[in-house]
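*Asks:* One structure, pasted below without further comment.
The values are calculated or read from the model by the stated rules, or taken from the named source; none is laboratory data. This structure is a prediction, so every number in the text was calculated from the model and none was measured. Positions of Cβ are generated from backbone atoms using ideal geometry, with glycine treated the same way; all protein chains shown enter the neighbour counts. With ligands, DNA and RNA removed, areas are computed over all heavy atoms of the protein, side chains included. Shrake-Rupley method; radii C 1.70, N 1.55, O 1.52, S 1.80 Å.
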Amino acid sequence: ALRLEPPDLIILDVSMPGMTGFSVLKKLSGPDGKPRYPILVFTARSNMDQFFQTTGVEGFLSKGGDPSQLLAEVKRILLKTRQAGKLDPASGARQHREVMILEDEPLLNTRLKTSFNIAGYHAVMLSNGHGLAEALQLHNPAIILLKSVLAGTTGTSIAESLADYTSARGIPIILYDGSGIHRPEETFVNIDKFVPSNTPADLIKAVTALLG
């Protein structure tokens, strides 16, 4: 699951059947003993606060309190890791870069999400352009991929509208198409690169070339 979907935060219980939180923490830690991912320990064993302070976890919270306390702690940790801009260097993972992809075909949507996550990116998937403005407020994508032909609209028209979005300025945009209706040498407004393919490998290669 971690390979498919690198997490921004893991909320970890301690007393669990099969494998305790201590064992999970050990498996998720690097050679230096520090966790590879941000971890919030959430347990009824309130007397273990000092112990977990020595393990490199991002936070410790006892169960039984107001749910707003958990939410506040989650927000604190996410803000901290977002400001850092990447996963813990001990993980050896690629910098945590978000790739926003607009793909309305369910099977291809799933394939692209899985392939990009395995390649070390974090794929934010959208099936239409209606929620794009809100998604750009919630996320900070390093690049945006737009399918050329969508239900009721086109990737080129969405790309043109993105020029008016303050939140999208400076973000590279890739237009991709697997239908063959566009020539590879065509140019488009507000498009940084056109990929005449919709295969995950070709799109990952194009993203890597643009982002470096």
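*Asks:* In terms of the ratio Rg/(2.2 N^0.38 Å) built on C-alpha atoms, what value belongs to region 105-175?
*Replies:* That works out to 1.08 for region 105-175.
*Asks:* Ratio of alpha-carbon Rg to the 2.2 N^0.38 Å globular estimate for the chain, to two decimals, please.
*Replies:* Cα Rg divided by the expected 2.2 N^0.38 Å: 1.21.
*Asks:* Under the rule of at least 5 residues apart or a separate chain, name every residue whose amide H is placed under 5 Å from the amide H of Val149.
*Replies:* Placed amide hydrogens put Gly155 under 5 Å from Val149.
*Asks:* Another one. Treating the angle as unsigned and between 0 and 90°, give the value, to the nearest 10°, between the Cα long axis of helix 67-84 and the longest Cα principal axis of the chain.
*Replies:* That works out to roughly 60 degrees.
*Asks:* What percentage of the solvent-accessible surface of the chain, computed with a 1.4 Å probe over protein heavy atoms, is contributed by carbon and sulfur atoms?
*Replies:* 54 percent
*Asks:* Could you point to the residue in Val41, Ser23, Pro106 farthest towards the positive end of the chain's charge dipole, with +1 and -1 charges on the Cβ of Lys/Arg and Asp/Glu respectively?
*Replies:* Positive-end residue among those listed: Ser23.
*Asks:* Show me the ranking of peptides 139-146, 150-157 by mean Cβ neighbours inside 10 Å, starting with the highest.
*Replies:* Ranked by mean Cβ neighbours within 10 Å, highest first: 139-146, 150-157.
*Asks:* State to the nearest 20 debye the size of the charge dipole of the chain about its Cα centre, where the only charges are +1 on K and R beta carbons and -1 on D and E beta carbons.
*Replies:* 760 debye
*Asks:* If you count the DSSP beta bridges with both ends in the chain, what percent of them are antiparallel, to the nearest 5?
*Replies:* Looking only at bridges with both residues in the chain, the antiparallel portion is about 10 percent.
*Asks:* If I take every Cα pair under 8 Å that is 6 or more residues apart in the chain, average their sequence separation and divide by the length, what percent do I get for the relative contact order?
*Replies:* After rounding, I find 14 percent.
*Asks:* Same structure, new question: Relative contact order for region 143-189: what is it in percent, counting Cα pairs under 8 Å that are at least 6 residues apart?
*Replies:* Across region 143-189, relative contact order equals 47 percent.
*Asks:* Between Ser157 and Ser23, what is the label-point separation in nm under the 7 Å Cα-to-beta-carbon projection?
*Replies:* 5.6 nm
*Asks:* Let me ask another. Considering only protein heavy atoms, with the full assembly of protein chains and a 1.4 angstrom probe, order Ile173, Ile11 by accessible area, largest first.
*Replies:* So the residues, ranked largest to smallest area, are Ile11, Ile173.
*Asks:* With label points built 7 Å along Cα→Cβ from the Cα atoms of Lys80 and Asp8, find their separation and express it in nm.
*Replies:* 1.6 nm
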